[in-house]
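Working notes for the structure below.
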Amino acid sequence: MTYQQQIDQAGQLIGGHNGAWQGIGAEAVARMRLQNRFHTGLDIARYTAAIMRRDMAAYDADPAAYTQSLGCWHGFIGQQKLIAIKKHFGTTERRYLYLSGWMIAALRSEFGPLADQSMHEKTSVPALIAELYTFLKQADARELGMLFRDLDKAREAGNQVEEQRLTQAIDNYQTHVVPIIADIDAGFGNAEATYLLAKKMIEAGACAIQIENQVSDEKQCGHQDGKVTVPHEDFLAKIRAVRYAFLELGVDDGIIVARTDSLGAGLTKQIAYSREAGDLGDQYNAFLDCEEIADLSTANGDVIINRNGKLMRPKRLPSNLFQFREGTGADRCVLDCITSLQNGADLLWIETEKPHIEQIAGMVDRIREVAPNAKLVYNNSPSFNWTLNFRQQAYDRWAEAGQDVSAYDRARLMSVDYDGTELAAEADEKIRTFQKDAAARAGIFHHLITLPTYHTAALSTDNLAREYFGEAGMLGYVLNVQRQEIRQGIACVKHQNMSGSDIGDDHKEYFAGEAALKAGGVHNTMSQFAA
């Protein structure tokens, strides 16, 4: 409905109560309804799932239409990202948010900072989803509230052209509510535990859930050592559990992102169950590092498997984990991805040890032989040293092409000594175009950075502390924070408005009329920022 239709509908409702609701303003009701468009998390999940499905179809038609997101650990951070996106680009299209399990573990656990090992409270995951959407909805209410105030001013001034422009802006308003890809780690337990947590996440608003194929109680950060994977059937049970959660709650087009950590995982906790040669369990076991038993001699506690009619002893470590053969990571990733897509996953995530397009593309090419529309979510991780990796890639390209690299030491390419060089400039250009190039070549539909604000908060805090506690004193804050907020038009310079003070004033006026005691009067110091 248009803004005027909303007012008319509210007016009819109020008029149907024989004057008992005469103190209720129809336009105020219309405004409050528009400021609270999403009533439940399920409303959000259904709305954002449809957005992601449209974006996935658009990417299939044109790989230049890839999507992006940044990781969040607080509702305010997510809100400010979307406000910044709308400010700079005028639209939120193809921009999402990512909810990082690493950031929850490091910043949201009641135990204090934790490693990314699923030791944090799993209830903190749906709680953060709900918090993010609370802040995004508040951004809508704030921005619409400012449009409503401007509309009132235009009416008071008799400016009909401006009134019409603002009415159209209200009718065509684009919400800050966007899809969140939410990290469920390895499911925090068995398939039932995964299902229960997935339901809570969906009820909070998640339309896309990312799950990884590590052992839940041995889970490690994707960029650390010691990762242990599970047989495919165990992982597929969890994918089905997430799908059941979506379907039970009526989010029929919810998105499942199946992540494989097999590239860097050399261990498994279980030998897969196999009914016959060549089945999925047998394919998993084929990657185990085994030795053939020729004379049936065994040691105490040995585990023996039959592989193609031969008795084999898998290499078992003192940790009671079994080891995969060296060099099988990419093959295992390809099998993981194909199997996940064939059993209900919508998108893939291949965790890599470096940002290298051809490494990713090599696996994706093989996956697409079986699943032509396979699409990836990729972690543009701060765990990678992007500068060093891309300078080394540039060095290798030059060396392979016969260019002179004698001025460069490949092992020291991170050095500031190389910052102004031709090689460094080429590397930076490849970093700049990485997302576009990887979307076209390696099937990456969605690019995310897991921990951006963890690092930006640390960097900005370090800079402020150096200045404020040093010789600059208060100028360290004014020059580098507040003045920059004013010059760059950062909404938070008016922090009272950002916190909802003006929305509260509007409500006071709706509820109490002329008797309303409002905070936004002439003595409110926020008026100093009006210019």
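Annotations for the structure displayed:
- Taking the range 128-175 as the range and being in contact with a Lys or Arg (Cβ under 8 Å, 6 or more places away or on another chain) and either outside any helix (DSSP H, G or I) or over 26 Å from H507 (Cβ atoms) (or both) as the test, the residues that pass are L128, Q174, T175.
- All positions within the range 510-531 that are exposed (fewer than 12 other Cβ atoms within 10 Å of the Cβ) and part of a loop (DSSP other than H, G, I, E, B): L517, G521, V522, H523, A530, A531
For every residue, the table says whether it meets (1) farther than 17 Å from L147 by Cα; (2) assigned by TED's automatic domain parsing to the domain that holds A208; (3) modelled with pLDDT under 95.
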{"position": "Y3", "(1), (2), (3)": "no, no, no"}
{"position": "I7", "(1), (2), (3)": "no, no, no"}
{"position": "L13", "(1), (2), (3)": "yes, no, no"}
{"position": "H17", "(1), (2), (3)": "yes, no, no"}
{"position": "Q22", "(1), (2), (3)": "yes, no, yes"}
{"position": "G25", "(1), (2), (3)": "yes, no, no"}
{"position": "Y47", "(1), (2), (3)": "yes, yes, no"}
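- In the range 199-221, the condition of being assigned to a loop (DSSP other than H, G, I, E, B) and surrounded by fewer than 18 Cβ atoms within 10 Å (Cβ to Cβ) is met by no residue.
- Out of S109, S124, sole residue that is among the hydroxyl-bearing types (S, T, Y), without any contact (Cβ under 8 Å) to a residue 60 or more places away in the chain and in contact with a Lys or Arg (Cβ under 8 Å, 6 or more places away or on another chain): S124
- The requirement of being modelled with pLDDT under 95 and over 23 Å from A272 (Cβ atoms) is not satisfied by E369.
- Candidates E485, E429, E471, E400, filtered to the one that is among the charged types (D, E, K, R) and surrounded by 13 or more Cβ atoms within 10 Å (Cβ to Cβ): E485
- Test: residue in the range 43-59 that is part of a loop (DSSP other than H, G, I, E, B) and not basic (K, R): no
- The lone criterion from (1) touching a helix residue (DSSP H, G or I) at 6+ places or on another chain (Cβ under 6 Å); (2) in a loop (DSSP other than H, G, I, E, B) left unmet by D302 is number (1).
- Those residues of the range 289-330 which are more than 17 Å from E218 (Cβ to Cβ), touching a strand residue (DSSP E or B) at 6+ places or on another chain (Cβ under 8 Å) and aliphatic (A, V, I, L, M), in sequence order: I293, L296, V303, I304, I305, L311, M312
- Residue pairs meeting the criteria (Cβ under 9 Å; at least 6 apart or on separate chains; first loosely packed, with under 14 Cβ neighbours inside 10 Å, in the range 270-282; second outside any loop (DSSP other than H, G, I, E, B)): R275/G281; R275/D282; E276/D282; A277/R307
- Filter result for K137 (out of contact with any Leu (no Cβ under 6 Å at 6 or more places or on another chain) and either of a type in the set (K, R) or surrounded by 15 or more Cβ atoms within 10 Å (Cβ to Cβ) (or both)): yes
The values are calculated or read from the model by the stated rules, or taken from the named source; none is laboratory data. Here the structure is a predicted model, which is why all the values come from computation and not from measurement. For neighbour counting, all protein chains shown are included, and Cβ atoms are generated from backbone atoms with ideal geometry for every residue, glycine included.
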